[in-house]
1. In nm, to one decimal, how far is the modelled label at Ser407 from the one at Leu39, with both set 7 Å along Cα→Cβ?
2. Please compute the length gained on full extension between Ala64 and Leu237, using 0.36 nm multiplied by the number of residues separating them and subtracting their Cα-Cα distance.
3. To the nearest 20 debye, what is the magnitude of the charge dipole of the chain about its Cα centre, counting +1 on the Cβ of each Lys and Arg and -1 on the Cβ of each Asp and Glu?
4. Sort Ser192, Ser362 so that the residue with the fewest other Cβ atoms within 10 Å of its own Cβ comes first and the one with the most comes last.
5. Would you calculate, for the chain, the mean residue ellipticity at 222 nm contributed by helices, counting each DSSP H stretch of 4 or more residues as -39,500 (n - 2.57) and dividing by all residues, to the nearest 500?
6. Counting Lys and Arg as +1 and Asp and Glu as -1, each charge on the Cβ, what is the dipole of the stretch 57-161 about the Cα centre in debye, to the nearest 20?
7. What order do you get for Leu320, Leu112 when you list them from fewest to most C-beta neighbours inside 10 Å?
8. May I ask for the percentage of alpha-carbon pairs in the chain that lie more than 41 Å from each other?
Amino acid sequence: MFDRLKSFLFEPKSIAPLVVFRIIFGLATFISTARFLYLGWVDLHFVNTQVQFKYFGFEWVQLATASIMYAIHYLMLAASLGIVFGAFYRVSAIMFFISFTYCELIDITYYLNHYYFVSLIAFLLIWMPANAHFSWDAFVKPSIRKSFVPAFTIQIFKFQLILVYFFAGIAKINYTWLMEALPLKIWLPANSDFPFIGWLFNYPLTAHVFSWAGMLFDISIGLFLLLPQTRFFAWLLVLFFHLLTGALFQIGVFPLVMVASTLIFFSAHFHQNILLFLNKFIKFPFLSEPNYADEKPTGNLLGSSLITGVILCWVSFHILFPLRYVLYPGNLFWTEEAYRFGWRVMLMEKAGTATFYVQEKSSQREGVVDNSDFLNVHQEKQMAMQPDLILQYAQFLKNHYQRQGVSVDKVSAEVYVTLNAKPSKLLFNPQLNLLEIVDSWAPKTWLNRFEE
C-alpha cells in the first residue's frame with residue numbers, strides 16, 4: 001500500500017497547473033498587499049497602535065518601527081512579483097512567507113482564515129519547482145527547466161483547498177446554523193437593498209435555504225471539483241458562491257483567492273492553454289515555451305520514502321489540528337477554545353462589552369479603564385469577546401500602570417457577551433483577579449457556562 005501511495009504521489013504530471021497556480025498566487029498576493037497599503041492599513045494595524053495581542057507561543061514576535069513595517073510591505077510586493085514571473089523564485093517565496101507570516105503574527109485580533117491559508121500556501125511554494133517552466137529563472141538557467149513534475153507538487157495544493165471547504169462545511173453542521181438559520185437570519189435582512197434578490201432576504205425561509213445550501217456546498221464542492229464530469233459546473237458554482245458572499249459581506253480578497261486558486265483542479269491541457277495564451281499576448285522573451293506535444297516525461301520520478309513520510313505528516317496534522325476542539329467542553333462559540341485555525345468562516349454573530357477595573361495595591365483604590373485610550377475600535381471589539389485576549393489586556397494594563405508608578409495587584413472586568421442575538425450574559429465572574437489566571441491550552445474553567 002505504501003508503494004502504491006508513492007506511485008500516486010510521484011507519478012509524472014505536466015508542470016502547467018503548478019505554474020499557473022504560481023502566477024495566480026503571486027498576482028493575488030500582490031493585489032492584496034497593494035490594497036492593504038492603499039487603504040492605509042499599515043498605519044492602522046502597525047503604526048498607530050499601543051497594544052498588540054499575541055498568538056499563544058508567539059509572544060516573542062514584536063512590532064518593528066513604522067519605516068520597517070512599510071519596507072516589509074514593499075518587500076512583499078516585490079516578492080509577489082518574483083513569484084509571478086518566477087524570478088529569483090526561491091528567494092522570493094521565502095521572503096514573502098517570512099514577511100507575510102511575521103505581519104500576521106504581530107496582532108491576533110486581525111486573524112483571518114485566509115491569512116492562515118496564504119501562509120500555508122506560501123510555505124509550500126518554497127519547496128515546489130514552480131519556477132522550472134515559464135519563468136525568468138528557467139530562462140537564465142535552462143538546466144532547471146522541467147515540463148513534468150511529481151504529482152504531489154500539484155495534489156498538495158488541491159488538498160489544502162478541499163480542506164478549507166470541507167472543514168467550513170463540518171463547522172456548519174450544528175443546530176444553530178441549520179435549524180435556527182443563525183447568524184444568516186440576522187445578516188440577510190440587513191442586505192435587503194441588494195439588487196434584484198434583496199427583497200427575498202426579509203423572509204426567514206431564505207436564511208434557512210442559504211444555511212443548508214452553504215453547508216452542502218462546503219461539504220461537497222471538493223469532490224465535485226475532483227471529478228472531471230462535474231468539474232466545470234462545480235467551478236461555476238464556486239464562482240457564483242464567492243461572488244455572492246463577497247458582495248453581501250465584507251470579506252476582502254478571500255473570494256478572489258478561492259475562485260482563482262480552484263482553477264488548479266482543471267486538466268493539464270487547460271493550464272497549458274492558459275500559458276500559451278499568456279505567451280501570445282505578453283511578449284516577454286523568457287516566457288516563450290516549446291510545443292507541449294513534443295515533450296515527454298523523462299527520468300525516474302519515483303520519489304523517496306522520506307518525502308512520502310513528510311507529506312503524510314503534513315496531511316495528518318492539517319486533518320487532526322482543526323479537530324482539536326472536540327477535546328474541550330462547553331460551547332465552542334462561547335469559549336472560542338480551539339476556534340482558530342479550524343477553517344470556521346462566518347459562523348456566528350458575537351459581540352461583547354468589557355469594563356475593566358484596576359486596583360492599586362497600597363491604597364486598595366480602584367479605577368475604571370477607558371479602553372479607547374489604548375485600543376482601536378477593531379481591537380476593542382475583538383478583545384471584548386475573546387477570553388485569551390481579555391487575559392492579555394489585563395496584563396497590559398498592569399504593566400502600563402506600573403510604568404506610571406502605580407503598583408497594581410488586581411485587574412478585574414465586567415464582560416457581557418451576546419451570541420447570535422441572544423440576551424447578553426456575563427462571560428465570567430467580575431470579581432475574578434485576571435492577573436492570577438495563566439493562559440494555556442487547558443480548558444478555561446474560569447468562564448461561565450453558556451446556557452441557551
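Each value in this text was obtained by applying a stated rule to the coordinates, not by laboratory testing. Fair warning: this is a prediction, and the values are worked out from it, not measured in the lab. Neighbour counts are summed over all protein chains in view; Cβ atoms, including those assigned to glycine, are modelled from backbone coordinates with ideal geometry.
1. About 4.7 nm separates the two model spin labels.
2. Working: separation 173, 0.36 × 173 = 62.28 nm, distance 4.24 nm.
Computed gain between Ala64 and Leu237 is 58.0 nm.
3. Working: 31 positive and 28 negative charges, 237 e Å.
The dipole of the chain has a size of about 1140 debye.
4. Details: Ser192 12, Ser362 8.
In order of increasing Cβ crowding within 10 Å: Ser362, Ser192.
5. Working: 17 runs with 225 residues, N = 452.
After summing the helix terms and dividing by the residues of the chain, the value is -16000 deg cm²/dmol.
6. Details: 5 positive and 4 negative charges, 114 e Å.
Dipole of the stretch 57-161, to the nearest 20 debye: 540 debye.
7. Details: Leu320 9, Leu112 14.
Ranked by crowding around the Cβ, least crowded first: Leu320, Leu112.
8. On the way: 26259 of 101926 pairs.
That tail contains 26 percent of the Cα-Cα pairs.
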